[in-house]
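To start, the structure itself, in structure tokens.
Values in this text are rule-based calculations from the coordinates and carry no lab data. Only a predicted model underlies this, so the values are computations on that prediction, with no experimental measurement involved. Cβ: placed from backbone, ideal geometry, glycine included. Neighbour counts: every protein chain shown.
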Amino acid sequence: MSTDTNAAHAHGHHHGDGHAHGTFSSYMLGFVLSVVLTAIPFWLVMSGTLPSKQITALVIMAFAIVQIVVHMIYFLHMNAASENGWTLMALIFTIVMVVIALSGSLWVMSHLNSNMMPMHQMSGMK
């Protein structure tokens, strides 16, 4: 068996159409990883284990990134070889768009928070 065939069987198998299809064990591994990658951030928030909210948020975002990768590999069967690299290009484009949207949203919310009128000044306007 060649190394390409072994790689195909590691996360599923290829049919004649060139698309990878997962096996039951690969889907179960992806499912278990997804549950663990959801349960750990939930536990971190509910237990308050980390010292600050900012650190907790950064750890949760790191777990979210890992979970996205798990979903792409185990459920969407994405890799660098699929569809002659177009899948990888689409992934890079998506990441750039998400970073722009997320950073822009955080920037707007930060400026709204710092520029809004305090509640005690609003109550005096009546």
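In this label model, LEU76 and PHE31 are separated by 2.1 nm, measuring between points 7 Å along each Cα→Cβ vector.
Exposure proxy ranking for LEU102, LEU33, based on other Cβ atoms within 10 angstrom of each Cβ and starting from the fewest, stands as LEU102, LEU33. Across the range 96-106, coupling constants 3J(HN,Hα) worked out from phi with the 6.51/-1.76/1.60 Karplus curve, θ = phi - 60°, read 4, 5, 5, 4, 5, 5, 5, 5, x, 5, 5 Hz, and Gly and Pro carry x.
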